[in-house]
1. Give me the percent relative contact order of the chain, please, defined on Cα pairs under 8 angstrom at least 6 residues apart.
2. Counting each DSSP H run of 4 or more residues in the chain as -39500 (n - 2.57), what helix-only mean residue ellipticity at 222 nm follows after dividing by all residues, to the nearest 500 deg cm²/dmol?
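Throughout, read-outs are computed from the coordinates displayed, never taken from laboratory work. A quick note: this is a predicted structure, and the numbers were derived from the prediction, not measured.
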């Protein structure tokens, strides 16, 4: 598990879609947590290789980035 302390835009990386991946989320008063599973594991039968926790400060950065991404959606 990683508590994300910093979140920054990296324009040097490309984004891609390489398969269907499942993810779950939950939150409490201190953290927003996302669990992601391996590509193709939409039934969540395997390990959860990526767990990210965001505190409220970093979650605000994520929210703002998502608002830019969503635009007028």
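1. About 33 percent, as a whole number.
2. Rounded to the nearest 500, it is -6500 deg cm²/dmol.
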